[in-house]
Amino acid sequence: MKTKILLVHRAHRFSPNCVERDAAVLSAIQQALEARDFQVQHIDEDAITDEFLQTAPPLIISMARSKETLLHLALYEQQGGRIIWNSPEALLTNTRAEQVKHFLTSDIPLPPTELTTIPHATTLNFPIWVKSGGGDAEKVTDVRYFACKQELLEATFPTQQAYVVSEHVEGDLLKFYGVAGTSFFYAYYPTNFSKFGLETHNGAPRGFAFDRAALQQLANQAAALCGFTLYGGDCIVRSDGTFALIDFNDFPSFAPCAHEAAAAITEVVEKVLS
């Protein structure tokens, strides 16, 4: 009998401008798994209930982001003998603000950064970025760039919530993807796609030399701190080759390397099921 694996699709509201990309990587994962004789099932995250999970397979690869769905999956995972990537427990506790707290105390190289409930009171040097301290960006106002103090003072922010404020770092913007427990790691300059158009603030890449192995080690360290198996992120490579990690996410779309990522994910599946 073929081993069943469930793929959970991310709700469209959590994939601004990336719905097709998310679907493409799940399709690539399905193809890679079926080529190794696994049976693949699909479900949208909003359709998951405790009742559905009573008959779900023991291995789930999930792009889910909603708190309700993650709570269902966490309860399922806690019953033992079940594997979910990425762990819903990790996602429930890994808000951007909590993530930054971990990074600041674990030698992860970040830009000068503050955690605050009052972005207007920042003491950082401009330009700055103000990011919602909750989950990943769902709308353009969740990540905002301010060139000067006056721009910041004219902006409004919802009160009583956490924000991550960071200095803008000059250098090459680099995106990367990885699968923990494998040698797979892909890094590239994002010149052809932008979720919200914010990448333009760093301009065209200049090709500053950097240590790829060191970046992979940094990314895997960040993934371990977050509890992620499937991850992606953004960093700035300064002119001297040093890094500043500016974003770190669970289960990205792996858009430029979906088939390579799918092969790595299948490799991990076979390892844990062997």
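The values are calculated or read from the model by the stated rules, or taken from the named source; none is laboratory data. What you see is a predicted model; the values in this text were computed from it and never measured. Side chains are part of the model used for accessible areas, which takes the heavy atoms of the whole protein and leaves out ligands, DNA and RNA. Shrake-Rupley method; radii C 1.70, N 1.55, O 1.52, S 1.80 Å.
Observations on the structure shown:
- ASP107 accessible area, 1.4 Å probe, all protein chains in place, Å² to nearest 10: 140 Å²
- A 1.4 Å probe, protein heavy atoms only, puts the accessible area of THR55 near 120 Å².
- Rounded, prolate or oblate (a/c below 1.5 giving rounded, otherwise prolate when a/b exceeds b/c) for the range 158-242 by Cα gyration tensor: oblate
- Share of carbon and sulfur in the accessible heavy-atom surface of the chain [1.4 Å probe, %]: 51 percent
- Sorted from greatest to least, the principal axis extents spanned by the alpha carbons of the range 72-126 come out as 49, 24, 14 Å.
- Rounded, prolate or oblate (a/c below 1.5 giving rounded, otherwise prolate when a/b exceeds b/c) for the range 8-92 by Cα gyration tensor: oblate
- For the chain, the pair-distance distribution built from all alpha carbon pairs, in bins 5 Å wide starting at 0, is 1, 5, 12, 16, 18, 17, 12, 8, 5, 3, 1, 0, 0 percent.
- Mean accessible surface per residue for the range 165-274, computed with a 1.4 Å probe while every protein chain stays in place, in Å²: 41 Å²
- Taking every protein chain into account, the 1.4 Å probe leaves ARG206 with about 130 Å² of accessible area, to the nearest ten.
- Long pairs among LYS67/LYS271; LYS101/LYS271; LYS101/LYS131, criterion Cα-Cα beyond 25 Å: LYS67/LYS271; LYS101/LYS271
- Kyte-Doolittle mean at least 1.0 and Cα axial length at least 27 Å: DSSP H helices in the chain: none
- For the chain, the relative contact order comes to 21 percent (Cα pairs under 8 Å, sequence separation of at least 6).
- Relative contact order of the range 150-274, defined on C-alpha pairs under 8 angstrom at six or more residues apart (%): 29 percent
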